[in-house]
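Before any comments, here is the structure.
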Amino acid sequence: MAGARDKLLKAKVRRLARRSRFWAAVLKALESSSRRGRVLNIYQLNRVAPSSGGVLVIGKLLGLGVLERPLKVVAFDFSETAFRKILEAGGEAYYLEEYIERGGDGRGLVIVG
């Protein structure tokens with residue numbers, strides 16, 4: 001089932017990539033090998049996230065650590081703990097599909113993963 005989800009997500013991003021270099025970079029990351037499985041933890045976002053804006057996590061975000069400031073986090077997948085910690089810190093958490101459907105354009109987001 002996850003394979004079908006991946007294909008649909010890639011198709012959506014592929015359409016956006018025709019008009020934007022940001023989405024082209026996201027597509028390239030999504031199409032690269034996922035054999036190792038990209039996984040990040042909350043504490044890693046503190047180092048890479050800009051002071052304003054947010055991050056787009058290519059892979060799964062896990063809940064190890066503490067989020068030090070409110071962030072907008074868009075990710076392919078979240079653990080329940082990570083999702084909760086983002087909201088508790090006053091941030092926003094979106095699944096990538098949800099962000100695209102809401103008309104997110106990627107402005108202010110840094111790609112990590």
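The values are calculated or read from the model by the stated rules, or taken from the named source; none is laboratory data. Because the structure is a prediction, the values reported are computed rather than measured. All Cβ positions, even for glycine, are placed from backbone atoms using ideal geometry, and neighbour counts span all protein chains on display.
Quick notes on this structure:
- Yes/no for Val66 being touching a helix residue (DSSP H, G or I) at 6+ places or on another chain (Cβ under 7 Å) and closer than 26 Å to Ala89 by Cα: yes
- Among the candidates Arg38, Arg15, Arg47, Arg21, residue that is in contact with a strand residue (DSSP E or B) (Cβ under 6 Å, 6 or more places away or on another chain), basic (Lys, Arg) and either free of Cβ contacts under 8 Å to residues at least 40 places away in the same chain or within 12 Å of Val112 (Cβ to Cβ) (or both): Arg38
- One residue alone among Leu64, Leu40, Leu16 is among the aliphatic types (A, V, I, L, M), assigned to a loop (DSSP other than H, G, I, E, B) and either at negative phi or crowded, with 17+ Cβ neighbours inside 10 Å (or both), and that residue is Leu64.
- Of residues in region 91-112 being of a type in the set (Gly, Ala, Ser) and out of contact with any Phe, Trp or Tyr (no Cβ under 8 Å at 6 or more places or on another chain), the one farthest from Arg19 (Cα to Cα): Gly91
- The set of residues in region 67-85 that are assigned to a strand (DSSP E or B) and free of Cβ contacts under 8 Å to residues at least 60 places away in the same chain comprises Lys72, Val73, Val74, Ala75, Asp77, Phe78.
So that you can scan it fast, the table gives a plain yes or no per residue for (1) within 19 Å of Asp6 (Cα to Cα); (2) under 15 Å from the mean Cα position of the chain (by Cα):
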position	(1), (2)
Ala29	yes, yes
Ser33	yes, no
Ala49	no, yes
Leu56	yes, yes
Gly59	yes, yes
Leu67	no, no
Phe78	yes, yes
Tyr95	yes, yes
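- Options Ala29, Ala24: the member that is surrounded by 13 or more Cβ atoms within 10 Å (Cβ to Cβ), at negative phi, outside any strand (DSSP E or B) and modelled with pLDDT under 90: Ala29
- Residues within region 51-61 that are under 14 Å from Gly106 (Cα atoms) and assigned to a loop (DSSP other than H, G, I, E, B), tallied: 2
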